[in-house]
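S.K.: Quick one: this structure, given as structure tokens, is what I'll be asking you about.
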Amino acid sequence: MRILMVASEALPFAKTGGLADVVAALPAALARLGHHVDVVIPRYQGVTAGERAGTVRVGIGGQVAVAQIWIAAAGNVRTVFVDYPAYFDRPSLYGTAGQDYPDNPERFAFLAVAALEWAAALPERFDLVHCHDWQSGLLPVLLRNGYAPAGIARTPAVFTIHNLAYQGVFDASWLPRLGLGWDLMRIDALEYWGRISYLKGGILFSRLITTVSPRYAREIQTPEFGFGFDGMLRHRADDLVGILNGIDYDQWDPARDPHLPEPYDATNLAGKAAAKRVVLETYGIPVDEATLARPLVGLISRLIDQKGFDLIAEVADELPRLDASFVLLGTGNRRYEDLWLGLAARHPDRVGAQIGFDEGLAHRIEAGADLFLMPSRFEPCGLNQMYSLRYGTVPVVRAVGGLYDTVRNFNPRTGKGMGFTFDEYSAQALLDTLRWALDVYRDRSKWHRIQRAGMSQDFSWDASARQYVKVYERAVAATE
Ligand code: ADP
Ligand code: GLC
């Protein structure tokens with residue numbers, strides 16, 4: 001199949017979260033299955049990859065602009081960059097200082113229109129368009145409402161929800177500014193509480209909808225996790241498929257990870273101890289016999305409520321009293337940044353905090369930590385717990401969404417399981433579970449068994465990519 005994929009981020013070019021990992025790894029896996037994928041993303045500041053490949057005319061709201069196209073090819077995957085500096089040559093992807101860019105509606109409308117124009121002008125036809133999250137939500141709307149150029153107008157769309165909490169909700173006055181008709185202001189179109197939602201557009205105007213774990217596919221049909229979209233998703237339940245993300249073992253495999261001091265695998269964990277030493281040094285935690293023997297708990301995350309940082313905040317003062325050290329890498333809410341910086345300042349021998357985004361350090365923490373903490377309030381899939389499993393770093397997670405689907409709780413009776421999970425979203429449940437895990441850690445043979453169970457899990461992309469192909473085929477068949 002020829003697939004046109006449109007998204008707002010993709011590794012190695014632009015990343016704020018797991019979406020970028022997926023939009024890189026899924027096309028590569030589809031290509032291994034023999035499909036051809038073109039991934040269209042903005043050419044953000046700092047992107048230097050690709051060759052100039054002509055221009056597209058992008059007409060929006062009566063204005064026509066010309067965008068430069070750049071293409072970077074890697075086998076059966078091409079990354080197509082839409083270059084329009086006024087929109088994309090900015091210090092960050094979506095906004096600065098906690099504020100979204102006010103022109104995001106037109107920035108991502110521009111991406112959608114440019115993608116359609118570029119694709120329609122090619123001699124070859126696409127079988128399918130695959131969009132991700134609200135940033136490409138307008139594209140299925142354009143396709144199904146007579147706004148797409150002839151060369152692509154009849155192509156079916158599949159839409160993937162990576163996170164229902166980000167809904168791309170804007171003032172309705174954007175409709176005329178984008179040259180879209182007021183007929184889209186219907187409850188069965190873009191209208192959302194008197195405003196418009198790009199996410200809603202993506203969901204309603206795509207043939208099929210996927211989300212990134214089977215559990216999350218069920219959860220988002222309930223009021224608790226539906227963020228106001230549960231009714232709409234129940235209505236489309238037959239067209240909603242949960243497909244677990246894979247992980248890219250070319251990037252995340254301790255046996256061949258260039259970011260680590262030494263490679264290791266399940267048969268020889270010496271390299272893991274070397275990574276622990278390096279991580280402790282990085283964070284300025286004294287490296288002595290006692291610290292090396294003490295379990296190290298890692299956290300790598302956007303510091304937001306979704307990830308359970310409010311729970312952690314409630315028990316923050318208890319953490320340094322546990323028989324463990326903690327290292328955190330992340331950025332996000334000032335409140336949580338300050339909390340962790342404060343903890344590290346007060347307990348420099350037990351807690352380290354780095355505020356920032358650092359890919360190499362993220363790999364070293366995955367390797368050097370003994371446990372990984374991820375007490376999410378909700379989690380569509382989550383990648384870090386899967387990286388942790390592969391790195392022999394035992395996850396302590398709340399059993400929701402993709403965390404539920406990927407981490408089986410340790411069973412003291414059978415010794416089976418690969419992590420520690422809790423159900424109730426409470427600070428006490430988090431603390432109890434962490435204490436339990438630290439207790440089990442002391443039994444080295446039990447612990448090694450848990451580590452090995454995690455390391456032997458297979459979350460490679462190929463199985464997930466095959467499920468996407470099935471969805472694509474269903475969407476195409478429904479169109480014919
Ligand atoms: P989400 O997409 O909701 O943030 P995921 O677990 O799916 O959560 O993906 C997060 C990705 O971003 C992982 O690859 C993780 O390693 C990475 N990441 C998050 N914060 C940082 C950071 N501060 N530095 C480096 N990598 C980070
Ligand atoms: C979103 C979700 C995360 C998921 C990622 C990739 O950012 O928050 O759970 O793993 O998308 O699908």
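S.K.: Output the residues belonging to segment 197-238 that are assigned to a strand (DSSP E or B) and either within 23 Å of G382 (Cβ to Cβ) or not hydroxyl-bearing (S, T, Y) (or both).
M.R.: Answer for segment 197-238, where residues must be assigned to a strand (DSSP E or B) and either within 23 Å of G382 (Cβ to Cβ) or not hydroxyl-bearing (S, T, Y) (or both): L208, I209, T210, T211.
S.K.: If a residue must be more than 14 Å from ligand 1 (Cβ to nearest atom) and either touching a residue at least 24 places away in the same chain (Cβ under 8 Å) or within 26 Å of E480 (Cβ to Cβ) (or both), how many such residues does segment 207-224 contain?
M.R.: Residues meeting the conditions: 10.
S.K.: Could you grab me the full set of residues in segment 336-366 that are over 23 Å from L434 (Cα atoms) and part of a helix (DSSP H, G or I)?
M.R.: Listed by number, the residues that qualify are E359, G360, L361.
S.K.: Go through segment 13-54 and give me each residue that's away from ligand 2 (no atom under 16 Å from the Cβ) and without any contact (Cβ under 8 Å) to a residue 40 or more places away in the chain.
M.R.: G46, V47, T48, A49, G50, E51, R52, A53, G54
S.K.: Would you call L142 of a type in the set (A, V, I, L, M) and either in contact (Cβ under 8 Å) with a residue 40 or more places away in the chain or surrounded by fewer than 20 Cβ atoms within 10 Å (Cβ to Cβ) (or both)? Talk me through it step by step, then tell me what you get.
M.R.: Details: of a type in the set (A, V, I, L, M): yes; either in contact (Cβ under 8 Å) with a residue 40 or more places away in the chain or surrounded by fewer than 20 Cβ atoms within 10 Å (Cβ to Cβ) (or both): no.
When the stated conditions are applied, L142 does not pass them.
S.K.: Could you check, for segment 244-258, whether at least one of its residues is modelled with pLDDT of 95 or more, surrounded by fewer than 20 Cβ atoms within 10 Å (Cβ to Cβ) and of a type in the set (S, T, N, Q)?
M.R.: no
S.K.: Which of the residues that make up segment 1-48 are of a type in the set (D, E) and either part of a loop (DSSP other than H, G, I, E, B) or more than 16 Å from ligand 1 (Cβ to nearest atom) (or both)?
M.R.: Matches in segment 1-48: E9, D38.
S.K.: Now, a different point. Among the residues in segment 106-126, are any more than 20 Å from I69 (Cβ to Cβ), in contact with a strand residue (DSSP E or B) (Cβ under 6 Å, 6 or more places away or on another chain) and away from ligand 1 (no atom under 16 Å from the Cβ)?
M.R.: Going through segment 106-126, the residues more than 20 Å from I69 (Cβ to Cβ) turn out to be none.
Within segment 106-126, none of the residues are more than 20 Å from I69 (Cβ to Cβ), in contact with a strand residue (DSSP E or B) (Cβ under 6 Å, 6 or more places away or on another chain) and away from ligand 1 (no atom under 16 Å from the Cβ).
S.K.: Scan segment 353-377 residue by residue and report those that are within 16 Å of ligand 2 (Cβ to nearest atom) and under 15 Å from S325 (Cα atoms).
M.R.: Listed by number, the residues that qualify are E366, F372, L373.
The values are calculated or read from the model by the stated rules, or taken from the named source; none is laboratory data. Computed from a predicted structure; not experimentally measured. For neighbour counting, all protein chains shown are included, and Cβ atoms are generated from backbone atoms with ideal geometry for every residue, glycine included.
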